[in-house]
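Structure, as C-alpha cells:
Where a number appears in this text, it was derived from the coordinates with a stated rule and is not lab data. Since the structure is predicted, the reported quantities are computational estimates derived from the model, not experimental observations. Positions of Cβ are generated from backbone atoms using ideal geometry, with glycine treated the same way; all protein chains shown enter the neighbour counts.
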Amino acid sequence: MNTTIRPEQLIHQLNWRYATKQFDPRRKISEREWAALEQALLLTPSSFGLQPWAFIVVKDPAVRAKLQPASWGQTQIVDASHLVVFASRTNLGESDLEAHLQRIAAVRGMAVEALAEFRTMMAGSLLQGMDAAGRSAWAKNQVYIALGNLLTAAALLGIDACPMEGIDRAQYDAILGLSQKGLATAMAATLGYRSAADQYAAAAKVRFPKEKMFIEI
C-alpha cells in the first residue's frame, strides 16, 4: 500500500513548524505519537550505520528543573511535554565496531565473517584515520542528522518542537551523569504543543531565496 504523502502536504507542515518558544504545559504528546517519534529516531541514518549516539528522554520534573538554569532559563525545558537530550559517543572504539557487526549479522541472518571487508573499511576510516578528538567530533556531527529527523517527523505529526543549542553542555553532562557513560551532550530538543501566547507562531519564516541557496552545475 502506498502511504506516501503529497508534496504539498510536506511543504505545508514544514511551513507550519517553527522553533517553538512557548509550550502549553497542559498539553501532552500521546503515547502512540511518542512511540512513533522514538521509532523515527531509531530509524535515523548514520555513517556506516554505527549510530554513535544516545537519546536521553528526561521525564523527571525535578531533573528538568535542574536543567533549566543550565539552559539560560529557557521555559521550554520545563513546559514542553517531552525533553530529549542528544548525546554523542566520546570513546568510540573497536568494541563498538564489533557490536555493530554482530548486530548486522543477527538481524540479516548472515555470518559475521562475511562482513570482514566492511570491518576493515570502518576501522580504516574511524580508528586508523582519526584520533580520539576526531572521532568525537565525527560522532557529534552524526547526532545532528537525528535531530533533523526528529524535527521533520514531529512536524508531519503536527507536534511542535524546538531544537536547543543554547545550553551549558558541561552542566548537562554533570546533571545527567553522562561522562561516566562515555557520552557528551550535543544538543537538546523540546517537544509538545505551542502556547496560544507564543507570538513567534505567526511570524513569517525568513529564508534566503532559492536562487541564492541552490547551485546547479
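Table for the structure above
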quantity: Net dipole in debye of the stretch 80-151 [+1 Lys, Arg Cβ; -1 Asp, Glu Cβ; about Cα centre; nearest 20]; calculated: 240
quantity: Cα pair distances exceeding 33 angstrom across the chain, given as percent; calculated: 26
quantity: Helix axis angle, 132-156 relative to the chain longest principal axis, alpha carbon, degrees; calculated: 40
quantity: In order through the stretch 29-41: 3J(HN,Hα) via Karplus (6.51 cos²θ - 1.76 cosθ + 1.60), integer Hz, x for Gly, Pro; calculated: 6, 5, 4, 5, 5, 5, 4, 5, 5, 5, 5, 4, 5
quantity: Radius 14 Å from Cβ of residue 183, net charge of other residues (Lys, Arg +1; Asp, Glu -1); calculated: +3
quantity: Residue 18 long-range amide H proximity, modeled H, under 5 Å; calculated: 161
quantity: Residue-by-residue Karplus 3J(HN,Hα) for the stretch 71-76, coefficients 6.51, -1.76, 1.60, Hz, glycine and proline x; calculated: 10, 6, x, 5, 6, 4
quantity: About the Cα centre, charge dipole magnitude for the stretch 7-213 (Lys/Arg +1, Asp/Glu -1 at Cβ), debye; calculated: 460
quantity: Dipole of the stretch 7-213, positive end: most advanced residue of 120, 175, 78 [Cβ charges, Cα centre]; calculated: 78
quantity: Helix-only CD estimate at 222 nm, as mean residue ellipticity for the chain, using -39500 (n - 2.57) per DSSP H run (n ≥ 4); calculated: -12500 deg cm²/dmol
quantity: Peptide ranges 150-156, 116-122, 96-102 listed from the most packed, as the mean C-beta count within 10 angstrom indicates; calculated: 150-156, 96-102, 116-122
quantity: Residues with amide H under 5 Å from that of residue 53, placed H, sequence gap 5 or more; calculated: 89
quantity: Label-point separation, residue 94 to residue 114 (7 Å along Cα→Cβ), nm; calculated: 2.6
quantity: Residue 26/residue 144 FRET efficiency (R0 35 Å; Cβ-Cβ; nearest 0.05); calculated: 0.65
quantity: Sequence of 84, 63 once ranked by neighbouring C-beta atoms within 10 Å, starting from the fewest; calculated: 63, 84
quantity: For the stretch 9-18, Karplus couplings with θ = phi - 60° (6.51, -1.76, 1.60), whole Hz, Gly/Pro x; calculated: 5, 4, 5, 4, 5, 6, 6, 5, 6, 7
